[in-house]
Amino acid sequence: MENNKIHTVVISGLGQTSVGEHWDISLRELAFFAIEKALVNNRGGYPQALYLANMLAPALSHQSHLATMVADFSGLRGIEATTIEASGASGGMAFRQGYMAVASGLVDSVIVAGVEKLTEQTSVNVNSAFATNTDSEYEADHGLTPTSQAALLMKRYIYEYDVPDFAFSGFPVVAHANGASNKNAMFQRAIKPESYQRAGFVSEPLNMFDVAPYADGAAAVILTRAELVADLPEIPTVSVSGSSAVIDTLALHDRQNPIVFNAAKESIAKVYAQSGLGHSDIDLFELFDAYSIFGALSLEAAGFSEAGKGWELAQDGRINLDGEIPISTFGGLKARGYPGGATGVYQIVEAATQLMGLAEENQVKGAKNALVQSLGGPASTAVTHILSQIER
Amino acid sequence: MSEKITLLKPENPVGIVGYGSYVPRYRLPASEISRIWTDGMGGLPIEEKSVAGPDEDVTTMSIEAARNSLKRAGISPQDIRAVWVGSESHPYAVKPTSTIVAEAIGAVPSTQAADWEFACKAGTEAMVAAMGLVGSGMARYALAIGMDIAQGRPGDPLEYTAAAGGAAFLIGPGEEALAIIEASYSFVTDTPDFWRRAYQKYPEHGHRFTGEPSYFKHITEAGQAMMDATDTKPEDYAYCVFHQPNTKFPQRVGKMLGFNAEQIKTGLLVPKIGNTYSGSAIIGLTAILDEAKLGDNILMVSYGSGAGSDAMVLSVTDNISGKSEKATTTQQYIERRTEIDYATYARLRGKLVKK
Amino acid sequence: MDIPRHWRLRKQRYGLVGEVCEHCDSKVFPPRDICPDCGEEAKTLFSFSGKGEVYSHSTVYDAPKGFDESTPYTIAMVKLEEGPLVTAQLTDLQEKEVKIGMPVEMVTRKLREAGDERSMIVYGYKFRPVMSH
C-alpha cells in the first residue's frame, strides 16, 4: 500500500465499559455507554458512520441488524451503520473498516465500537454459539469447541517442542499482574505461579488459567482524518500507522502445520511494510491471549521469538510492563476478560491509552509504537494494527 | 406332526459368501446385577454380558458387522441387491436402519432395504428371505443382519442376560459360498411368551412359560423336522448352535435333540456375551465359521418369541480357508473386554433418569 | 433439526469420501474441490481407508448442546494415512491411554447423543485404537 495516496487517520476519542458480568445492563445500553464516553472525549469531527463489532448477538441475544439498533439507541440516527463479524477478530476488523473509510477520504470521522454479552445464556448455549465459529460441518459437528481446539494445539506444541510442565504459566501470571491495576478488568488480582500449577484441567493440557473468561463488555474508538483534529499540548496524538487483515484456513485440520499462526505472521509483515517500522520499534504488543498457547504462537508469529520458544519469552519478566516486549498491558483477554467481538476494540483502546501516556500504573514507559493483533479462531483471521504517537 | 415336512430349498444352490460379527467392548458381570438387586444371592444365568457404548446402536453395530462380511466376501457392495436388518431394537420406530447400513457400506441405491422384526429370530428370518432372493436367481447377493441392543427392565431376570451384538451374512451363489445353506425349515405358532407393546421401553415375559411350551417346543420341533427331512442324525454334524437366552437352555435343548457338549461348545457364546436377541444364534454361527473346515456340517436353530424357530443346515466348502483372518473374528471381539460396574452400565444404557 | 445439512454430508460422514487431485495426486479431506497443495481443480471422489494416527488429542468436559450428555469425550486430530488431518472423536478408549502417534481406525458411530428423543440421529466417523485381526 502506498501511504501517500491515503489520508492519515488519528484516534480522536476513546470509551470503554468495565468487563465482567453486566446482569442489569442490556446489549444496547452497554454499547451506548462505551459510545457515549468516546463521544464525550472526542476531539475530532462528529462520526458519520458506525462500524460495530459483534460476534454472537444473533445466537445469544436474539438480535441481528445490530449496528442499526445501537446507532439508533445511541442517538446517532441518520448516520451509516453496519455490523462487522469476524469471530474473535471482529473488533480488529471493525477498526480496520473504520480506518479504511477515513483513510479513503469518503468520510471524515467514524466511530468503531464493539459490544458483546456472553452472560445472557447458560454455558451449554454459550458453548454451542462459540462452536459455530469453527467449521461447523467438520469441526463443531464432531464435538469440537474453540477451547478443546486450543487444547489440541497446546498438546501438539508441547509434543513437538518437548516443552516442560507449566511452561505456559508466564502468560496468565503476567496478564493477572497487569489486570490488577486496571479498574475495567474482570479480574483485578495477581496470581502466583503456584496457583497455576494447582489449577484443574479445563481440557487437558489446558487448565483454567490458560483460558480467558467469557464476559460482557463494550468499547469504542473515534477515528478522524488527522488534519481535522487539533493537537492538545499535554497529550500526544495517536495515529494508525499500519493496518492489515489476513485469513488462513477456517478449520485447523486443513493446515499443513497447525502449530504455526501463518495469518498472524503475514498480517504483521504487512503492517511493518506499510508503517516502515520493525520489531525494534515496537514498544508493546497487545496480542490475542484467548488461550495461553495463543500467546506463545502470537509472539512466534510476530517474530519476537523463534518457533517453539514463545513460552520462554513469558518467563523471567521479559513480557512484563518493563520487559523487552510488554504484552497484555491492561490484563489482556485473560485478566481484563474476553468480551467476544468487543475484544479487538478494547485492545485498540488500551494501546492508544498507552501511547497517549494515560495508562497510569500500567504505563509502558516511553511507549511510541504499539502492535495490536486480534484473532478469529486459531488465527483463521488475523487483523493487525500499528498505532503510533505522532511526532510533534 | 402328521403332515409331510416341507423344507425351503432354493432352486439354485445358495450359501454364505461372507460373514461378520460385532460385539461391543463393555462387559457387565452378572454378579454386578445380582449385587444390586438380590444381595448377590441365587445362581447366575451367565458370567457376563456385553454392553454397547454410549455412541453405539443397532445401526452402528450392523455397519461394522456388514463391513466385516464384505471384507470376507471380497465382493463389490454395488452387487448387493438387498440389505435386511433384523432387530427388536431398531433406533427408529419409523425410518429404516437398513438404508443407513446400505448407505454406509456403499450398497445404495439399487438395492432392497428393509427392517425385520420377529423377537429374537428376525436375523434368521432375513437370512431365509435372502436365500429366496438369491436362490431364485433374482439377485446375486443379499445381506442379512441380526443385531440387537437388548432391553431388560432394571431388576428383571432379563437384565442379567440382555446384551448387545450380532452378525451379518452375505448370502450368494453356492459356487462362491464358504458354507452352503442346504435348506431351511420354520416352525411357527401363536405362543405369547414374551412381548413388548408399542411405546413401552422394556419387554414383558411369561417367566417359566418361556421354557417348555415356547423355547424348547419350537426348537426341538424345528430341529428334529429338519434332521428328519434331510435324513441326518446328530452325529452327522460337527457343530450345532441354538438361540441362547442363557447358558442352560441351549445346552439342554441340544441334549434333547441328541447333540453332545463338544458339538455345542464353539457356538455357545452366551456365558461370555449374554443374549444378543436377534444376534444370538447367528453370532454363534460366526464363531463356528471362524474355525470350521471343509466338509463340516452345521445345524442352526434360532428361536423368536411369539413364537417360532428357523432351522438351517449348512455344509462348509473349501472356500472357507483363509476367510476368518480377513476380518476381526468373533473371539477377538469377545476378548476385547472392558469390565464395567452397574453405575457405568446405568449411564451407558440411559437408565439414569435426567428428565 | 438440521435435516438437509446432515443428509448432504452422509458420504463424507459414513465413508470418509473425499477427493483426489488429478494434477498432483494429493488426497483431500474434507472435500473442497480446489486442491490445497497445487491449487488446481480436485473434484474426483476418493474413499479414504480410515486408517491413521493420533496427531493431537484432548478431553471435552464442558460441551455444546447435543454433546453435553456425552461428556467427558475425547476429541482429536487424526492424521489419515493418505495425508490429510481430520477432526473427530476417539471412541472405545477404556484402558487405552491415548498417545500422539497411536494408530487408529475409522468406525461409524452416533455423533450426537441427542438429548431430544424426537430428533434425527446423526451418524458419522469416529476413530478407535486399531483392532488386531
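The values are calculated or read from the model by the stated rules, or taken from the named source; none is laboratory data. Please read these numbers as outputs of a predicted model, since none were measured by experiment. Counting neighbours? That spans all protein chains shown, and the Cβs are built from the backbone with ideal geometry, glycine included. Ligands, DNA and RNA are stripped out before the accessible areas are found, and what is left, the full protein with its side chains, is counted by its heavy atoms. Shrake-Rupley method; radii C 1.70, N 1.55, O 1.52, S 1.80 Å.
So for the range A:295-353, Kirkwood radius off the Cα pairs, Stokes-Einstein at 10 °C and 1.306 mPa s: how many µm² s⁻¹?
Values: Rh = 12.2 Å.
Here the translational diffusion coefficient equals 130 µm²/s.
Among DSSP beta bridges lying fully in the range B:208-355, give the percent that are antiparallel, nearest 5. Write down the numbers at each step before the final one.
On the way: 6 of 10 bridges.
If I count the DSSP bridges inside the range B:208-355, around 60 percent turn out antiparallel.
Quickly estimate the mean residue ellipticity at 222 nm for the protein assembly as shown, helices only: each DSSP H run with n ≥ 4 gives -39500 (n - 2.57), and the total goes over all residues, rounded to 500. Intermediate results must be reported in sequence, preceding the final value.
Values: 26 runs with 241 residues, N = 880.
Per the formula, -8000 deg cm²/dmol.
What is the Å³ per residue value for the convex hull set by the Cα atoms of the range A:1-63? It would help to have the intermediate numbers written out before the result.
Working: hull volume 8.9 nm³, N = 63.
Dividing the Cα hull volume of the range A:1-63 by its residue count gives 141 Å³.
Given contacts defined as C-alpha pairs under 8 Å and at least six residues apart, what's the relative contact order of chain B, whole-number percent? Kindly include the intermediate steps, with their values, before the conclusion.
Details: 927 pairs, mean separation 90.0, N = 355.
Relative CO of chain B lands at 25 percent.
Show me you know the interface measure: the accessible area buried between C and B, both chains summed, probe 1.4 Å, in Å² to the nearest 100.
On the way: alone 8760 and 14850 Å², together 21240 Å².
Answer for the C-B pair: about 2400 Å² buried.
Calculate, in nm to one decimal, what A:Val124 and A:Ser104 gain on full extension: separation in residues at 0.36 nm each, minus their alpha carbon distance.
Difference between extended and current length: 2.9 nm.
What is the interface area between chains A and C, defined as buried accessible area summed over both chains with a 1.4 Å probe, reported in Å² to the nearest 100? Please report the intermediate quantities before stating the final value.
Values: alone 15420 and 8760 Å², together 21210 Å².
For chain A against chain C, roughly 3000 Å² becomes buried.
Label A:Trp23 and B:Ile36 with points 7 Å out from Cα along Cα→Cβ: what is the distance between them in nm?
Label-label distance for A:Trp23 and B:Ile36, simple model: 3.9 nm.
What whole-number distance in Å separates the alpha-carbon centres of the range B:281-355 and the range B:214-253?
That distance is 17 Å.
Can you pull the mean other chain C-beta count within 10 Å for peptide C:121-131? Can you show the working numbers first?
Values: counts 7, 1, 9, 4, 1, 4, 0, 2, 1, 0, 6.
Partner-chain Cβ atoms within 10 Å, mean over residues of C:121-131: 3.
For the range C:3-129, with only Lys/Arg (+1) and Asp/Glu (-1) charged at the beta-carbon, what is the dipole magnitude about the Cα centre, in debye rounded to 20? Show your work: numbers first, answer last.
On the way: 19 positive and 20 negative charges, 87 e Å.
Here the range C:3-129 has a charge dipole of around 420 debye.
From the square roots a ≥ b ≥ c of the eigenvalues of the alpha-carbon gyration tensor of the protein assembly as shown, which class results: rounded (a/c under 1.5), prolate (a/b over b/c), or oblate? Intermediate results must be reported in sequence, preceding the final value.
On the way: a/c = 2.91, a/b = 2.62, b/c = 1.11.
Prolate is the answer for the protein assembly as shown, as a/c is 1.5 or above and a/b outweighs b/c.
FRET efficiency for A:Glu361 and C:Met1, Cβ-Cβ distance as r, R0 = 60 Å, nearest 0.05? If you can, show how the numbers build up before the last one.
On the way: r = 53 Å, r/R0 = 0.89.
Approximately 0.65, to the nearest 0.05.
What is chain A's relative contact order, in percent, from Cα pairs under 8 angstrom and six or more apart in sequence?
Here the relative contact order equals 26 percent.
Per 5 Å bin, what percent of the C-alpha pairs of the range A:246-392 does each bin hold, from zero upward?
It works out to 2, 10, 21, 24, 22, 13, 5, 2, 0, 0, in whole percents.
Could you give the distance between the Cα centres of the range A:177-243 and the range A:339-392, to the whole Å?
Each part reduced to its Cα centre gives a spacing of 9 Å.
Under a crude label model (7 Å from the Cα following the beta-carbon direction), how far is B:Asp318 from B:Arg197 in nanometres?
In this crude spin-label approximation the distance works out to 5.9 nm.
Would you tell me the accessible area of B:Thr317, worked out with a 1.4 angstrom probe on the heavy atoms of the protein chains, in Å² to the nearest 10?
Rounded to the nearest 10, that gives 20 Å².
Peptides B:304-312, A:314-322: what's the order by average Cβ count within 10 Å, highest mean first? Write out the running numbers ahead of the final one.
Values: B:304-312: 25.7, A:314-322: 17.7.
In descending order of packing, they fall as B:304-312, A:314-322.
Indicate, rounded to the nearest 5 percent, the antiparallel portion of the DSSP beta bridges found entirely in the range C:3-129. Walk me through the intermediate numbers first.
Working: 31 of 32 bridges.
Counting DSSP beta bridges with both partners in the range C:3-129, the antiparallel share is about 95 percent.
Rounded to two decimals, what is Rg over Rh for chain A when you use alpha-carbon atoms and the Kirkwood radius?
Details: Rg = 19.2 Å, Rh = 20.4 Å.
Answer for chain A: 0.94.
Please compute, for peptide C:64-76, the average count of beta-carbon atoms on other protein chains lying within 10 Å of each residue's beta-carbon. Let's see the in-between values first.
Working: counts 14, 7, 6, 10, 5, 5, 3, 1, 2, 5, 3, 10, 5.
The per-residue average across the peptide is 6.
Order of A:332-343, B:41-52 by packing, highest average Cβ count within 10 Å first? Numbers along the way, then the final one.
On the way: A:332-343: 31.2, B:41-52: 19.1.
Going by the mean number of other Cβ atoms within 10 Å, highest first, we get A:332-343, B:41-52.
Taking the DSSP beta bridges in the protein assembly as shown as the whole, what percent of them are antiparallel, to the nearest 5? Don't jump to the answer; show the numbers that get you there.
Working: 109 of 144 bridges.
So the antiparallel bridges in the protein assembly as shown amount to around 75 percent.
Please check the range A:109-129 for residues whose accessible area, probe 1.4 Å, is lower by 10 Å² or more when all protein chains are in place than in their chain alone.
Residues meeting the cut-off: A:Ser123, A:Val124, A:Asn125, A:Asn127, A:Ser128.
Take chain A, connect every pair of alpha-carbon atoms lying under 10 Å apart with a spring to form a Gaussian network, then pick out the residue of A:Asn207, A:Asn369, A:Asn125 with the largest mean-square fluctuation.
Residue with maximal mean-square fluctuation among A:Asn207, A:Asn369, A:Asn125: A:Asn125.
How many Cβ atoms of partner chains, on average, are near each residue of B:89-98 if near means within 10 Å of its Cβ?
Working: counts 0, 0, 3, 2, 0, 0, 2, 0, 0, 0.
For this peptide, the per-residue mean of nearby foreign Cβ atoms is 1.
Accessible area of chain B with a 1.4 Å probe: how many percent of it is carbon plus sulfur?
Values: 7240 of 13640 Å².
The nonpolar share, carbon plus sulfur, comes to 53 percent.
Between A:Asp210, A:Asp72, A:Asp289, which gets the highest mean-square fluctuation from a Gaussian network model of chain A, Cα cutoff 10 Å?
Comparing A:Asp210, A:Asp72, A:Asp289 in a Gaussian network model of chain A, the most mobile one is A:Asp72.
Which of B:Val301, B:Val316, B:Val17 ends up with the largest GNM mean-square fluctuation for chain B, with Cα atoms connected below 10 Å?
Of B:Val301, B:Val316, B:Val17, the Gaussian network model singles out B:Val316 as fluctuating most.
Does the range B:1-76 come out rounded, prolate or oblate, given a ≥ b ≥ c as the square roots of the eigenvalues of its C-alpha gyration tensor, rounded meaning a/c under 1.5 and, failing that, prolate meaning a/b above b/c?
On the way: a/c = 3.99, a/b = 1.48, b/c = 2.69.
Oblate, because a/c is 1.5 or more while a/b does not exceed b/c.
Looking at the protein assembly as shown, which Cys residues are left with no other cysteine's beta carbon under 4.7 Å from theirs?
So, B:Cys120, B:Cys240.
Specify the inter-centroid distance of the range A:67-120 and the range C:2-21, based on alpha-carbon positions, in whole Å.
Answer, in whole Å: 38.
Taking the square root of 5 times each eigenvalue of the Cα gyration tensor, what semi-axes in Å does the equivalent ellipsoid of the range B:179-320 have, largest first? Mind showing how you got there, number by number?
On the way: eigenvalues 132, 52, 36 Å².
In descending order the semi-axes read 26, 16, 13 Å.
For chain B, report the translational diffusion coefficient in µm²/s to the nearest whole number, using Stokes-Einstein at 37 °C, 0.692 mPa s, and a Kirkwood Rh over Cα pairs.
Values: Rh = 19.8 Å.
Value of D from the Cα-based Kirkwood radius: 166 µm²/s.
Tally Lys/Arg at +1 and Asp/Glu at -1 over every other residue whose Cβ is under 11 Å from the Cβ of A:Tyr346; what's the total? Please list the in-between numbers first.
Details: positive: A:Arg336; negative: A:Glu116, A:Glu286, A:Glu350.
Net of charged neighbours comes to -2.
Based on the alpha-carbon gyration tensor of the range C:3-129, what equivalent-ellipsoid semi-axes (square roots of 5 times the eigenvalues) come out, in whole Å, largest first? Walk me through the numbers on the way to the answer.
Details: eigenvalues 143, 74, 24 Å².
Each semi-axis is the square root of five times an eigenvalue, giving 27, 19, 11 Å.
Roughly how big is chain A's charge dipole about its Cα centre, with Cβ charges of +1 (Lys, Arg) and -1 (Asp, Glu), in debye to the nearest 20? Walk me through the intermediate numbers first.
Details: 24 positive and 42 negative charges, 106 e Å.
Dipole about the Cα centre, nearest 20: 500 debye.
With a bin width of 10 angstrom, please list the P(r) values of the range A:234-304 as percents of all Cα-Cα pairs, from the 0 bin to the one holding the largest distance.
The percentages, shortest bin first, are 17, 48, 26, 7, 1, 0.
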